[in-house]
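A.B. asks: Next up is a structure, given as structure tokens.
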Amino acid sequence: MPVHQAMQASSARRADIVNAEINKLREATQLLNSILASLNLPACIETEGSGGAGLPESIRSKAAAVRAEGGLPALQRLMAE
């Protein structure tokens, strides 16, 4: 009987951990969606180009500028400061 109770407790704990991680992912997704919306990026990308096949030139040039300044490591350094 104690083994059965331990297995039930383990299953419940595992379900709690999984649900907590799912909630964290949902919150992060909502945050990212709100940031994108505030920058008007989803609408901008959907309306530019031929049927959404590419990125607008303004985004391409900004991405090139970020890469020229050190790319992702440079952005991470700036965010850490």
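The values are calculated or read from the model by the stated rules, or taken from the named source; none is laboratory data. All values reported here derive from a predicted model rather than from experimental measurement. Positions of Cβ are backbone-derived with ideal geometry, glycine not excepted, and every protein chain shown enters the neighbour counts.
A.B. asks: Please find, within segment 43-81, the residue that is nearest to the chain's Cα centre (by Cα) out of those that are assigned to a loop (DSSP other than H, G, I, E, B) and modelled with pLDDT of 70 or more.
C.D. replies: We begin by selecting, within segment 43-81, every residue assigned to a loop (DSSP other than H, G, I, E, B); these are 48-56, 69-70, 81.
Restricting the remaining residues to those that are modelled with pLDDT of 70 or more gives 55-56, 69-70, 81.
Working: Leu55: 19, Pro56: 21, Glu69: 23, Gly70: 21, Glu81: 21 Å.
Here the answer is Leu55.
A.B. asks: In addition: Take Asn33 and tell me if it is modelled with pLDDT of 90 or more and either surrounded by 10 or more Cβ atoms within 10 Å (Cβ to Cβ) or aromatic (Phe, Trp, Tyr) (or both).
C.D. replies: Working: modelled with pLDDT of 90 or more: no; either surrounded by 10 or more Cβ atoms within 10 Å (Cβ to Cβ) or aromatic (Phe, Trp, Tyr) (or both): yes.
Taking the combined requirement at face value, the residue does not satisfy it.
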